[in-house]
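The next block holds one structure in the form of structure tokens; read it before the comments.
Readers should treat all values here as calculations from the given coordinates under stated rules, not as data from a laboratory. Quick caveat: nothing in here was measured; it's all calculated off a predicted structure.
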Amino acid sequence: MASSIGADLGLAFLTATRLPVEHVFFDGGQFAQIGKGTRRIMVPFLYLAIKSLYWSRGGTLKKIMWCDDKAIKPYFIAAGKALTYGNMRRQMADSLEDKPFPALPEDLQRRTWFEFGSIEEHLKYRAAVQKAYPQGYYPIFEGCNHMQYQIRDPQGFAAMLVHIIEQNTLLPLTF
């Protein structure tokens with residue numbers, strides 16, 4: 001499972017598929033606990049924030065994502081350019097936040113890794129996800145979030161995933 005797909009789509013696939021799934025990797029930030037009314041209010045603000053990445057050529061990245069990594073700026077500038085208000089509204093309208101997390105078998109939970117984007121996000125969202133999936137793994141990426149790690153060192157990130165698949169443990173990280 002790619003961490004870039006939505007948590008709701010990923011969990012729908014996992015709970016409905018009959019295909020054998022060995023390991024699962026989630027971007028934990030997709031499990032944010034935000035109510036439907038709050039999401040509706042947030043749409044215009046998030047739209048303007050993400051669009052500002054394009055308009056400012058990445059100048060607002062540090063204010064929005066709490067990092068100023070030049071290597072990831074082009075990705076966020078492109079996202080800001082491509083984003084439409086309608087797409088943002090649709091993405092925010094339907095999400096897991098107002099629904100209970102689907103049940104995952106314990107054996108699959110033991111092979112599921114929830115990678116949160118920062119220590120702050122990790123501590124903010126971890127409790128709800130860990131309550132739903134107590135057997136899962138919850139690594140904290142200190143000093144370099146997993147998104148930055150994927151962009152800065154894709155081979156190292158791939159090696160980490162291979163190590164998890166082969167050993168079901170986290171490889172010592174370089175940061």
Over 32 Å (Cα to Cα) among LYS70/LYS131; LYS73/LYS131; LYS36/LYS63 -> LYS70/LYS131; LYS73/LYS131
So ALA12 and ASN87, fully extended at 0.36 nm per residue minus their Cα-Cα distance, gain in nm 24.9 nm
Computed curve, the range 35-94, Cα-only Debye sum without solvent term, log₁₀ I(q)/I(0) at 0.17, 0.23, 0.24 Å⁻¹, is -0.55, -0.87, -0.92
